Amino acid sequence: MGENLTIWTYDWVPEGPRGFVRDLRLRWGAEEAGLSYDVDTVPFEDRPRSHLDRQPFGQVPFLTDGEITIFESGACLLHLARKSDILMPSNASGEAEMLQWVVAALNSIEMVTVPWWFLRLSGDRENGLSGWLDSRLAHVEAILSEREWLVEDRFTAADLIMADVLRVPEIRARGDRPATEAYIQRLVARTAFKKAQADQLAHFAAADESRVRR
């Protein structure tokens, strides 16, 4: 049990997003850093006003750490990273490099992958974002062809969040990108990732059982 650190997620979600709900990023980060934490929930359906007070868009995850409450998975991950040099280098240049890659994963890659994926779900499989997506993924492939990790030749929070963005099946299957695929495989093979994902899946499976008993 965590003394103060609590990761907040939904009490239940449908099958499709399980294993990819973004509280996994925080579970994974905390597992890598050896931080104890609790998991608490807000309703997926009929989200109450109290949720909107803590997350103005009605989304998860958000994080409480003592008197601190913070939302957005990237911001929460950076908060955790400051607690451990496993996630964030202790030197100024390494920290700056890690920060830039976290922002790049969210602002240069995920900002394209998510809307592309939503358009694809709507039936527009080769939509207007496809060329932009392919260009961004090609840039990542070129970078990962020259290095094993994004920062200081070792795992950091930058790798965690970049891998989580890239491991979405539709993105992972897009084109032939061997360096990127090898990178994803290295990251999802980590013990901390496996535990975080298994815990999330177990959480939602338990919620299924609760819903059946109602």
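Along Cα→Cβ, 7 Å out, is where each label goes; now give me the distance between the ones at THR41 and ASP124 in nm to one decimal. In this crude label model, THR41 to ASP124 measures out at 3.5 nm. Using θ = phi - 60° in the Karplus curve 6.51 cos²θ - 1.76 cosθ + 1.60, the 3J(HN,Hα) couplings for the range 99-110 round to 4, 5, 6, 4, 5, 4, 4, 7, 9, 9, 10, 5 Hz; x is entered for Gly and Pro. Under the rule of -39500 (n - 2.57) per DSSP H run of 4 or more residues, summed and divided by the residues of the chain, what mean residue ellipticity at 222 nm is obtained, to the nearest 500 deg cm²/dmol? Taking each H run of at least 4 residues, the total per residue is -16000 deg cm²/dmol. With 0.36 nm allotted per residue and the present C-alpha distance subtracted, the VAL188-GLN100 stretch has 29.5 nm of extension available.
Near the amide H of ASP11, within less than 5 Å, lie the amide hydrogens of VAL42, PHE44, all on another chain or at least 5 residues away, with H placed in the peptide plane. Note on ASP38: accessible area is roughly 30 Å² with a 1.4 Å probe, heavy atoms of protein only.
Residue order by solvent-accessible surface for PHE71, PHE57 is PHE57, PHE71, largest first, with ligands and nucleic acids left out and a 1.4 Å probe. Only protein atoms count toward the accessible area here, which uses a 1.4 Å probe; on the range 19-163, the carbon and sulfur part of that area reaches 51 percent. Accessible area per residue for the range 1-142, computed on protein heavy atoms with a 1.4 Å probe, is 49 Å². Consider the candidate values (i) 15.8; (ii) 22.9; (iii) 12.9; state which one is mean projected area of the Cα convex hull in nm² computed from the structure displayed. Here the calculated entry is (iii).
Amide H contacts of TYR37 (H built 1.01 Å from N, in plane; Pro and chain starts excluded): GLY2 sit under 5 Å, all sequence-distant by 5 or more or on other chains. The separation of the range 176-193 from the range 124-154, counted between C-alpha centres, amounts to 14 Å.
Antiparallel beta bridges, as assigned by DSSP with both residues in the chain, represent about 65 percent of the total such bridges.
What does the charge add up to near SER93, with Lys and Arg as +1, Asp and Glu as -1, over the other residues with Cβ less than 15 Å from its Cβ? Local net charge: -4. Using the Cβ-Cβ distance between GLU67 and ARG211 with R0 = 30 Å, the FRET efficiency computed as 1/(1 + (r/R0)^6) comes to roughly 0.35. Checking every one of the trypsin sites (Lys or Arg not before Pro) in the range 87-138 against DSSP loop status and a limit of 11 other Cβ atoms within 10 Å picks out ARG125.
Applying both filters, DSSP loop and at most 12 other Cβ atoms within 10 Å, to the GluC sites (Glu not before Pro) of the range 1-84 gives GLU3, GLU15, GLU45, GLU67. Of the GluC sites (Glu not before Pro) in the range 114-214, the ones in a loop by DSSP (not H, G, I, E or B) with at most 16 other beta carbons within 10 Å are GLU126, GLU146, GLU148, GLU152.
Evaluated with a Cβ-only charge set (Lys, Arg +1; Asp, Glu -1), the range 71-214 carries a dipole of roughly 600 debye about its Cα centre, given to the nearest 20.
The values are calculated or read from the model by the stated rules, or taken from the named source; none is laboratory data. Keep in mind the model is a prediction, meaning the values are calculated, not measured. In this analysis, Cβ positions are derived from the backbone assuming ideal geometry, glycine residues included, and neighbour counts consider all displayed protein chains. Side chains included, ligands, DNA and RNA excluded: accessible areas come from the protein's heavy atoms. Shrake-Rupley method; radii C 1.70, N 1.55, O 1.52, S 1.80 Å.
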